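A quick write-up on the structure given underneath.
The values are calculated or read from the model by the stated rules, or taken from the named source; none is laboratory data. For clarity, every value in this text was computed on a predicted model and none was experimentally measured. Positions of Cβ are backbone-derived with ideal geometry, glycine not excepted, and every protein chain shown enters the neighbour counts.
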Amino acid sequence: MAAAARRELIDPLGWALALGTFLVNLLPLHESLPQAAGIGVVVLIVKVGAGLLWPRAKASTEPYSRVRPPLAPGGSRLTARQLEVASFTPLGLSNKEIGLKLVPPVKERGVDKHIADIMRRLDVHSREEIAAWYVRYAADTERKKTCLAGAVWGHLVGDALGVPYEFAPASEISVVTWGHKGTHGQPAGTWSDDGGLMLALLDSLLSAGFDVADQANRALRWLDGPDYKPGPVFDVGNTTKLALDRLKSGTPPEQAGGRDEQDNGNGSLMRILPVALVGHGLEPERLIVQACRSSKLTHAHPRSQAVCALYCLVVQVIVGGETRRDQALAQALVSASRHLPPGVKAELETIRRHSQRSGSTYVVDAFWSAWEAFAASASYRETVERAVRYGNDTDTTAAIAGGLAGAYWGLDAIPAEWRRGMRAQETASRLVDRLLRTA
């Protein structure tokens, strides 16, 4: 009995359940600290008592024959009703009590069936395990939401910060300030073609799934209409503009992008972020295909495709929870080397060998300048300021780096005064709200 009690007391599931119950009662239910702590202790005692009354079978000495599959994005292994039932399990309620809280209410027998189905779908064997799973699932969902929102706003804010410094050499940029009066004469908080085409792609992916024709149409709506921008278009890269003109003349989307080596500007990299955000739960191989195809609308050279795929893989790993930045890059490079099409994969060596970091419009330099601004910094603010100080194509470098930093540190890491100072906030906010529903 003493050994069994010891085993139950050190069982991490019991402590996870008690901690989850404590947090749920303290935060959403607004119980006092002593009450929340008391409820958590009671749940732990009940868990230990249940383990003593109904001991679990001894673990098999045979090696595991399979690995439990990871949770699909958004809890898709459970139905909406099952997820609702699971959300009440950390509270220590009986099935009858859970049934009364559901909308519409469900009889106790109905909850019994839901619990049994949840156990089968999650491959767990107790209510405690369901509760522990839900605490982790809810925390991960909230973390992903702040990463996704942070990535979009991080990109836009970085773009706006860099706009007034565009084309300035690094030697002329010492202190980076929000609202600086410089290139283009735009009001503070104005994003450029980088942010506009990024939002156009995000809207397309959320509205039509992955459809390159729809992506092309929305890019043209940005160019010629009022969509996805805080004011008139004031700057478009040469390669991007030529591709958009081809799209207007009827060229098929995946044949519109420049294919020569001199067409390797950063115009597809600057807008590719939504492929990684909407597709954060995709298999790497499928994410790569989407990044390459989307790049072709404006930049079809294999090198541009490879850089876009690499960037999306890095963002996917970060949104997935990897906190070691060097490991995020390493994992992305491994996935790229495994899954890029042969003609595109050959460009990886060129990308790896590139040593210049000057914030230029060359796609490989833009990627590494943004990456090193991010990897060498301790905050979102430091990342984008460092990116701008490279000079040259400052808005694009800071947008690319800002997407990484926003995904890594989350929305709240972006300086509040910068976010408040952004123009056309409703344009971006509506799309971010829709994106968060995919978490």
Margin query: Looking at region 228-242, can you tell me whether even one residue there is in contact with a strand residue (DSSP E or B) (Cβ under 6 Å, 6 or more places away or on another chain), assigned by TED's automatic domain parsing to the domain that holds residue 150, at pLDDT below 95 and assigned to a loop (DSSP other than H, G, I, E, B)?
Written below: yes
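Quick grid of which residues meet (1) of a type outside the set (A, V, I, L, M); (2) under 32 Å from the mean Cα position of the chain (by Cα); (3) farther than 23 Å from residue 37 by Cβ; (4) assigned to a helix (DSSP H, G or I):
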position: 86; (1), (2), (3), (4): no, yes, yes, yes
position: 90; (1), (2), (3), (4): yes, yes, no, yes
position: 93; (1), (2), (3), (4): no, no, no, no
position: 96; (1), (2), (3), (4): yes, no, yes, yes
position: 105; (1), (2), (3), (4): yes, no, yes, no
position: 111; (1), (2), (3), (4): no, no, yes, yes
position: 117; (1), (2), (3), (4): yes, yes, yes, yes
position: 120; (1), (2), (3), (4): yes, yes, yes, yes
position: 132; (1), (2), (3), (4): no, yes, no, yes
Note to self: Taking the conditions exactly as written (surrounded by fewer than 12 Cβ atoms within 10 Å (Cβ to Cβ) and either modelled with pLDDT of 90 or more or closer than 29 Å to residue 316 by Cβ (or both)), does residue 109 satisfy them or not?
What the structure shows: yes
Note to self: If I filter region 331-359 down to residues being of a type in the set (Ser, Thr, Tyr) and either outside the structural domain of residue 406 (by TED's automatic domain parsing) or in contact (Cβ under 8 Å) with a residue 40 or more places away in the chain (or both), which single residue comes out as nearest to residue 194 (Cα to Cα)?
What the structure shows: 358
Item checked: Residue in region 268-290 that is more than 19 Å from residue 373 (Cβ to Cβ) and touching a strand residue (DSSP E or B) at 6+ places or on another chain (Cβ under 9 Å) present -> yes
Item checked: Flag for residue 405 being among the hydrophobic types (A, V, I, L, M, F, W, C), outside any loop (DSSP other than H, G, I, E, B) and in the same structural domain as residue 235 (by TED's automatic domain parsing) -> yes
Note to self: Checking residue 177 against (1) at pLDDT 95 or above; (2) closer than 28 Å to residue 435 by Cα, only one condition comes out false. Which one?
What the structure shows: (2)
Notebook entry, point to check: For residues in region 333-391 being among the aromatic types (Phe, Trp, Tyr) and not in a helix (DSSP H, G or I), which is surrounded by the fewest Cβ atoms within 10 Å (Cβ to Cβ)?
Noted result: 362
Notebook entry, point to check: On the given criteria, is residue 157 touching a residue at least 40 places away in the same chain (Cβ under 8 Å), touching a Lys or Arg at 6+ places or on another chain (Cβ under 7 Å), more than 30 Å from residue 436 (Cα to Cα) and buried (at least 16 other Cβ atoms within 10 Å of the Cβ)?
Noted result: no
Check: Mind checking whether some residue in region 395-415 is at pLDDT 95 or above, among the polar types (S, T, N, Q) and surrounded by 24 or more Cβ atoms within 10 Å (Cβ to Cβ)?
Finding: yes
Next item on the list: Sort out which residues of region 181-222 are closer than 21 Å to residue 358 by Cα and part of a loop (DSSP other than H, G, I, E, B), and write them in order of number.
Entry: 182, 192
